[in-house]
1. Can you classify region 71-157 as rounded, prolate or oblate using the Cα gyration tensor, where a ≥ b ≥ c are the square roots of its eigenvalues, rounded means a/c under 1.5, and otherwise it's prolate if a/b beats b/c and oblate if not?
2. Among 66, 190, which comes first, second and so on when ranked by fewest other beta-carbon atoms within 10 Å?
3. Taking the number of other C-beta atoms within 10 Å as the exposure measure, put 231, 181 in order starting with the fewest.
4. For a quick check: with amide H placed at 1.01 Å from N, whose amide H comes under 5 Å from residue 210's, ignoring anything fewer than 5 positions away on the same chain?
5. Once you list every other residue whose beta carbon is under 9 Å from the beta carbon of residue 122, what net charge do they have if Lys and Arg are +1 and Asp and Glu are -1?
6. Taking a ≥ b ≥ c as the square roots of the Cα gyration tensor eigenvalues, with a/c under 1.5 meaning rounded and otherwise prolate when a/b beats b/c, else oblate, which class fits region 130-265?
7. Identify all lysines with a Cα-Cα distance to residue 236 below 23 Å; exclude those on the same chain that are fewer than 8 residues away in sequence.
8. Within 10 Å of each residue's Cβ, count the other Cβ atoms and sort 223, 154 from fewest upward.
Amino acid sequence: MRIFSWLLVERSDPSKVTSKTSLSSVPSTIKSNSSRSTLTLPSMRDRNELPTPRTEGEILSSSNLKAFTFNDLKNATKNFRPDSLLGEGGFGHVYKGWIDEHTLAPSRPGSGMVVAVKKLKPEGFQGHKEWLTEVDYLGQLHHKNLVKLIGYCSDGDNRLLVYEFMPKGSLENHLFRRGADPLSWAIRLKVAIGAARGLSFLHDAENQVIYRDFKASNILLDSEFNAKLSDFGLAKAGPTGDKTHVSTQVMGTHGYAAPEYIATG
């Protein structure tokens with residue numbers, strides 16, 4: 001399959017965004033707020049329970065996600081200091097942060113749970129619409145091969161997303177970064193199978209999702225090289241009812257998108 005051509009050879013990366021590393025495991029049940037009220041995240045059982053389109057208020061009131069303040073995330077990332085920077089691209093910057101695994105409040109560097117905080121540029125590729133789409137989908141979709149969204153920040157003009165931290169970074173780093181050790185065939189197959197399972201979950205569920213941005217930089221790897229799909233800003237609901245297909249504006253990254261999709265949408 002064309003989309004898994006990286007199994008065979010590393011080549012010049014056609015992606016439009018570069019990141020040094022990205023978004024590690026969070027427990028199924030965690031607590032939120034300084035009052036220690038509980039916030040229960042769904043278990044790792046596969047879940048795809050997308051309802052009809054939701055309003056922004058409904059999306060941001062999800063009980064599955066923590067609403068962080070901007071000051072929370074400033075404290076969690078040491079005020080977005082350069083030494084906390086994990087990666088950057090046209091969308092903005094990704095920082096390493098620490099939060100208490102029970103309250104989700106900011107914690108001291110090196111203590112608590114490690115997270116990845118994506119801070120969007122106001123003028124970046126990913127605007128409010130894409131940010132909200134990602135909160136919408138990852139707030140409802142739960143699968144071992146999708147990155148876990150812990151929470152978000154919508155404080156004034158600030159738009160941030162808080163993810164589980166993925167220690168091995170992106171597949172892109174391992175394939176294209178100068179000096180990176182080659183991945184073994186066993187790991188390549190493991191990553192390919194994991195990414196395919198994530199896509200299968202999106203495509204085969206009753207409420208189908210069209211991912212629209214499948215590429216090496218959006219495949220993140222945990223400490224054991226388990227693959228998880230990330231970046232759902234371009235995702236779109238699949239056909240419903242008796243419809244068999246959905247026509248969409250061509251989105252994503254040339255070089256990774258299927259030729260027939262580029263041709264017809």
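We did not get these values from a lab; they are worked out from the coordinates using the rules stated. Source: prediction; values computed, not measured. Neighbour counts are summed over all protein chains in view; Cβ atoms, including those assigned to glycine, are modelled from backbone coordinates with ideal geometry.
1. Working: a/c = 1.71, a/b = 1.17, b/c = 1.46.
Taking the square roots of the gyration eigenvalues as a ≥ b ≥ c, region 71-157 is oblate.
2. Numbers: 66 22, 190 17.
Sorted ascending by nearby Cβ count, the order is 190, 66.
3. On the way: 231 27, 181 7.
In order of increasing Cβ crowding within 10 Å: 181, 231.
4. Sorted by chain and number, the residues that satisfy this are 236, 237, 238.
5. Numbers: positive: 121, 159; negative: 123, 157.
Cβ neighbours under 9 Å give a net charge of 0.
6. On the way: a/c = 1.64, a/b = 1.22, b/c = 1.35.
Because a/c hits 1.5 or more and a/b fails to exceed b/c, region 130-265 counts as oblate.
7. Reachable lysines: 16, 118, 119, 121, 129, 144, 148, 215, 228.
8. Details: 223 11, 154 18.
If I rank by nearby Cβ atoms, fewest first, I get 223, 154.
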